[in-house]
Every structure is written in C-alpha cells, then in structure tokens.
1. Collect the residues in the stretch 147-169 that are part of a loop (DSSP other than H, G, I, E, B), free of Cβ contacts under 8 Å to residues at least 60 places away in the same chain and closer than 28 Å to Gly245 by Cβ, keeping them in residue-number order.
2. Leu140 fails exactly one of the following numbered conditions: (1) surrounded by 14 or more Cβ atoms within 10 Å (Cβ to Cβ); (2) modelled with pLDDT under 95. What is the number of that condition?
3. If I ask for residues that are hydrophobic (A, V, I, L, M, F, W, C) and over 21 Å from Asp187 (Cβ atoms), which ones from the stretch 113-137 would you list?
4. Looking at Val197 and the list (1) out of contact with any Cys (no Cβ under 7 Å at 6 or more places or on another chain); (2) at pLDDT 95 or above; (3) of a type outside the set (Gly, Ala, Ser), which single condition is not satisfied?
5. Residue by residue through the stretch 170-186, note down the ones that are over 28 Å from Phe128 (Cβ atoms) and either open to solvent by 50 Å² or more (accessible area, probe 1.4 Å) or in a strand (DSSP E or B) (or both).
6. What is the residue count in the stretch 217-271 for residues that are open to solvent by 40 Å² or more (accessible area, probe 1.4 Å) and more than 25 Å from Lys66 (Cβ to Cβ)?
7. Take Arg189 and tell me if it is under 22 Å from Thr97 (Cα atoms), open to solvent by less than 50 Å² (accessible area, probe 1.4 Å) and at pLDDT below 95.
8. Within the stretch 28-55, work out how many residues are farther than 16 Å from Ile281 by Cα and surrounded by fewer than 10 Cβ atoms within 10 Å (Cβ to Cβ).
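The values are calculated or read from the model by the stated rules, or taken from the named source; none is laboratory data. Everything numeric in this text was worked out from a predicted model, so none of it was measured. Here the Cβ positions follow ideal geometry from the backbone for every residue, glycine too, while neighbour counts run over all protein chains shown. Just so you know, the surface numbers come from the protein's heavy atoms only, side chains and all, with ligands and any DNA or RNA stripped out. Shrake-Rupley method; radii C 1.70, N 1.55, O 1.52, S 1.80 Å.
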Amino acid sequence: MRGLLITNGFVKESNFLSLWNALYEAAKGQGIALDYAKHDSLLFDASTCTPLFDAAAYDFAILWDKDKYLGMQLEALGLRVFNNVNALSVCDDKALTHIALQKHGIPMPKTVLVPRTYPYVGYGDFAFLDRAIALLGLPLIIKEASGSFGKQVYLANTREESIAILEEHEGTPLLMQEFIASSRGRDVRAYVVGERVVAAMERRNDADFRANVAQGGKSAPYKLSETEEALCIRTAKLLGLDYAGVDLLFGKNGPLVCEVNSNAHFHGLSACTGVDIAAAIISHIAVEMKNR
C-alpha cells in the first residue's frame, strides 16, 4: 500500500514541516509507504483529468492542504483521499459548516451570515447589522468564513466597531456570532479520529477573548464529559471526516460547537496530552484502506 502525503508547496513554516514529518514517520513506523508530494507538483490536464505525474502508483492520498480542486481530481481518478474533498470544503468555510450542522440540531452559538457584497460596493445603510445585533446582542464576534489560528476572528463591542470591521473586510465572506461570555478566553480542542476522541485539551487565555494557543493561550489536558465526547464524535461523523479538531465553547446550558477543523494541527495537543495523534491518524487510514 502506497500513499501520497500532499503538502502545500508554498508553505515553509517550521510548525507545518514538523507536522508533516510526524505523519511521514508514523506511516514509516507502521510499514506504510508514504511519499511526500508538494501540491504544485501534482498537475493535471483539467480538460481530461489526466495526471501529469504517476498517479497509478498510489492507493490513497493524505491531502494535508486546502486545495480542493486538486483533491477533486484525485478522487476522480479513484484515489481515496483523507479527508475527503467535500468534508474538507465544508470545514474550510465556517458558513458552510454551520449550514451543514444546523439541520442536525448540533448546538452552536447563534450565527448570522453577513450578506455578500463586493470590494468598493459596500454595505449600504447597515440595516442588516441592526437586525443581527437585535438577535446576537453586543459585543458580538465577526469571523472571516475561512481562517486559522484565530487570526481572522474579531470582537466588536459596539455597532460602530462592527461597521468598521465589516468595512475593512468588505468583499470577504463573513459571519456574525453571539459572544459566549461564559467561554471568554476559554475553549476545548478535541481531536477525533475515526469514531473516537483520541485526545482533548482545554485552552485558556486571560489576555484575549480567543483561547487559541497561537494567540497566547495556555493548554492543559482535558477530560471530556460524556455529552462533550458524544457531541464531538457526532459532529465529525455528520461532516464525513476521518479526523478533525472539534472546538467546543462552554455555553451556559452545555457545550457549543464553535468550529471544526479538517486538518487541525496536533503538535500542541500531542505535547500537552502525550498522545501520538499522527500514529492514530495513520492507523485509521490503514484500517480504512484494508476495508475498502
């Protein structure tokens, strides 16, 4: 069995490189042949879905990138792609994540999608914002639909601050969300592999409303309640994910799903909990391929 470990050829940050290396070494340790492949080397003639590389040599691909077009072409060849492209696409767009989960009753913060506009067109009189504030209250969260590490998440304390954030990002898909005060600077990251949670940690940040470690948060191992664990597993399953980082907020009436990350970084979680998440992912892939 031979697989491709597809990474973004333009990303050079050390945290990405070490994560990819952990997957490679985990596969090697389990006797699975895994070849590195930068996404910019895996070209197709898209008019005929003809690969310009030896795709026939591979049985599966780990798409540790967000290039859904590449993933779609690989799936069209019959390769099993982890995570599948539909799941990856839905998770890469927070608006789509909410739309996919709401029909199944997954508890989430109240959320309003910002009406789409275009650069230099603007938002008119912001009447939609007043209706959103009536539902969500202030302060409120404004998020870019695509983003990582908490970098594209903003807190607006007033209507004026909300307008300033919206205007700064006009043309970017956005959503507005109620601010969960009971979870300020605090959340849980649970890593689901297959249909089990392999590790979880609580993140806390006393200096920022975002709990992300990348924003200065600190982490500690966390024991999920039965309700939290079941919610994480069900969420990942509903989205068709083989593995995922599920982020929970501490709502007044129970856990709330904040975000779901299809290619969530796991080094911090592994270091915090001592769980070899890379090995868990590779073991799951091996079982899936055996049963295919």
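1. Correct list: Gly147, Gln152, His169.
2. Against the list (1) surrounded by 14 or more Cβ atoms within 10 Å (Cβ to Cβ); (2) modelled with pLDDT under 95, Leu140 comes up short only on (2).
3. Within the stretch 113-137, Leu113, Val114, Val121, Phe126, Ala127, Phe128, Leu129, Ala132, Ile133, Ala134, Leu135 qualify.
4. Of everything listed in (1) out of contact with any Cys (no Cβ under 7 Å at 6 or more places or on another chain); (2) at pLDDT 95 or above; (3) of a type outside the set (Gly, Ala, Ser), Val197 misses just condition (1).
5. Of all residues in the stretch 170-186, those over 28 Å from Phe128 (Cβ atoms) come to 185-186.
Within the stretch 170-186, just Arg186 meets the criteria.
6. 12
7. No.
8. 3
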